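Novice: Provided herewith is a single structure, encoded as structure tokens, for subsequent inquiry.
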Amino acid sequence: MHDVEQKLTKCFSAVLPELSPEEIRRSTPNTTGDWDSLTVVTVMALIQEEFGVDLDVCDMAENFSFDSVLSRLTEARGAEFRPSLGTNSQD
């Protein structure tokens, strides 16, 4: 598994420990009963701390899922690495 995905899974697991990594990757607030607004905000805070990125909670809250966050992180991290010939680090 890609390092970014592993770190992201850890962030979700810290707040939703009852879900397996596979369940985390498929879950959304609408499909997982334990998710509420506080869960989303807590996961977002962990992600921001872990990855050193600034995510817009209001923007992400509408369509919050593992895949949507992974996509945002990939975009953000990709922008960081473009000046170095477009190569990503060992994430």
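The values are calculated or read from the model by the stated rules, or taken from the named source; none is laboratory data. Fair warning: this is a prediction, and the values are worked out from it, not measured in the lab. For neighbour counting, all protein chains shown are included, and Cβ atoms are generated from backbone atoms with ideal geometry for every residue, glycine included.
Novice: For region 38-63, which residues satisfy the criterion of being in contact with a helix residue (DSSP H, G or I) (Cβ under 8 Å, 6 or more places away or on another chain), modelled with pLDDT of 85 or more and either closer than 15 Å to THR9 by Cβ or not in a loop (DSSP other than H, G, I, E, B) (or both)?
Specialist: Answer for region 38-63, where residues must be in contact with a helix residue (DSSP H, G or I) (Cβ under 8 Å, 6 or more places away or on another chain), modelled with pLDDT of 85 or more and either closer than 15 Å to THR9 by Cβ or not in a loop (DSSP other than H, G, I, E, B) (or both): THR39, VAL40, VAL41, THR42, VAL43, MET44, LEU46, ILE47, GLU50, PHE51.
Novice: Restricting attention to region 9-29, does a residue exist that is of a type outside the set (Asp, Glu), in a loop (DSSP other than H, G, I, E, B) and within 16 Å of THR74 (Cα to Cα)?
Specialist: Going residue by residue through region 9-29, those that are of a type outside the set (Asp, Glu) are 9-17, 19-21, 24-29.
Now narrow it down to the ones that are in a loop (DSSP other than H, G, I, E, B): 16-17, 19-20, 27-29.
If we keep only those that are within 16 Å of THR74 (Cα to Cα) as well, we get none.
Within region 9-29 (the criterion being of a type outside the set (Asp, Glu), in a loop (DSSP other than H, G, I, E, B) and within 16 Å of THR74 (Cα to Cα)), the answer is no, since none of the residues qualifies.
Novice: Would you tally the residues in region 1-19 being over 11 Å from VAL69 (Cβ atoms) and among the polar types (S, T, N, Q)?
Specialist: 2
Novice: From the list SER71, SER20, SER89, pick out the single residue that is at pLDDT 90 or above and hydroxyl-bearing (Ser, Thr, Tyr). Before the answer, list the steps.
Specialist: On the way: SER71 fails: at pLDDT 90 or above; SER89 fails: at pLDDT 90 or above.
So the residue among SER71, SER20, SER89 that is at pLDDT 90 or above and hydroxyl-bearing (Ser, Thr, Tyr) is SER20.
Novice: In region 20-49, which residue that is closer than 14 Å to SER68 by Cα and among the hydroxyl-bearing types (Ser, Thr, Tyr) is surrounded by the fewest Cβ atoms within 10 Å (Cβ to Cβ)?
Specialist: THR28
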